[in-house]
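*Asks:* Below are the structure tokens for one structure; questions will follow.
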Amino acid sequence: MAIALQCKCGQQLQVQEEHAGKQVQCPVCQAVMVVSAPEAFTAATVTNEFKHCPDCGNRLPREAVVCVNCGLDFQTGKRLQTKVKKSAKKAEHSGNLAQVQRGLAFHYARLIIFLASPVVLLLGLAVGGVAGGLAGGALASLIGILVALALLSTPVLGIIGSILCASVPGKSARSMILVSMSMDTASFGLGLAIILFSVTGVLSDAPGLGLALQFVQFALSVAAWVLFMTFLRRLARSMEEWGLADEAGSIIWFGALLVLVPPLVMAVFSLFLTLVAGRGGGAALAGTRTIVILVLAFVQLILLIKFAFQQLELIRDLRRVIAQRMAAG
């Protein structure tokens, strides 16, 4: 009497009854299977409330006729061949999240370069000053050129990262990162145009045009950043990471304060100095103005560094959560 087997790959096999309890190999996928005796398929092990599959041991309701884990039919002893569309969707979702994770890595590298460039530049100037002479000047110039090229690469890294992040599941978050990428691209192109106009001397004849272009570029950069942070917030919400979503919202408010408060403080301080100078006290406050400006610049620099590290931490945490979701399937 032949025993019917079905491999996991779907191949149907016929094995003689004397091979029961032995191992056989599928001729298609080379998988090894154990031939069970025909009576092993007649019934599952039944307890008071549940029964267990004789093949995989999965616990099932007493009235079950097919194991939902391995597909074994308890009456015929054959495995059912099924196709689960949900698994394909999960695989696609994981693939999208993998792209998003890579995109966030580009944005992470962008922030690292932004933070490291001033430090490297200062170290280069210090080393050049210590070396002295033509060698020291050449070394400082070379480091300055490399830092400038690194800073020019940061918008490119951001654009590449946003393109990868556009694979995110969800139309709302996808549209948000695409608009952010468009503004980043426009800001980068405008920055290159400003450099070109400066080199060719166009802006020297029209200083007002240069200020207008710089203002537009700054506005585009700020808008692109706000949209990117909003994208991170929606990404965190889509993964039900409410703490990270709140952190992204806090960073947006912190960034808005960094953009608006320093110019406002400087405007109020300048108005105060103008009023004092009109009353004959300008000479006494000439040195005070310089000190206050330096103090404000130092405080703003500290806040900018903290601001950048907060973004790094948020991106790192989001990448960690994505990695955990992909590992969990």
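*Asks:* Which whole-Hz couplings ³J(HN,Hα) result when phi for each residue of region 223-239 is put into the Karplus expression 6.51 cos²θ - 1.76 cosθ + 1.60, θ = phi - 60°, listed in order with x for Gly and Pro?
*Replies:* 5, 5, 5, 4, 5, 5, 5, 5, 4, 4, 5, 5, 4, 5, 5, 5, 9
*Asks:* Which cross-chain or sequence-distant (5 or more) residues have an amide H under 5 Å from the amide H of Lys78, H modelled 1.01 Å from N in plane?
*Replies:* Residues meeting the criterion, in which the H sits 1.01 Å from N, are Asp73.
*Asks:* So for Met33, Met181, fewest C-beta neighbours within 10 Å to most, what's the order?
*Replies:* Arranged by neighbour count, lowest to highest, Met33, Met181 become Met33, Met181.
*Asks:* Using each residue's phi in region 204-212, evaluate 6.51 cos²θ - 1.76 cosθ + 1.60 at θ = phi - 60° and report the 3J(HN,Hα) Karplus result to the nearest Hz, with x for Gly and Pro.
*Replies:* Per residue, the Karplus-derived 3J(HN,Hα) values read 5, 8, 9, x, x, 5, x, 5, 5 Hz.
*Asks:* Using the 10 angstrom Cβ neighbour count as an exposure proxy, how do Glu240, Glu313, Glu247, Glu63 rank, fewest first? Could you put the intermediate results ahead of the total?
*Replies:* On the way: Glu240 9, Glu313 13, Glu247 20, Glu63 6.
Ascending Cβ contact count within 10 Å gives the list Glu63, Glu240, Glu313, Glu247.
*Asks:* What list of ³J(HN,Hα) couplings, whole Hz, do you get for region 105-121 from phi and the Karplus terms 6.51, -1.76, 1.60, once you set θ to phi - 60° and write x for glycine and proline?
*Replies:* Listing the rounded values in order: 5, 5, 5, 5, 4, 4, 5, 4, 5, 4, 6, 7, 4, x, 5, 5, 5 Hz.
Since every read-out is calculated from the coordinates, none of them should be taken as a lab result. As the structure is a prediction and not an experimental result, all values here were calculated from the model. All Cβ positions, glycine included, derive from the backbone under ideal geometry; neighbour counts span all protein chains shown.
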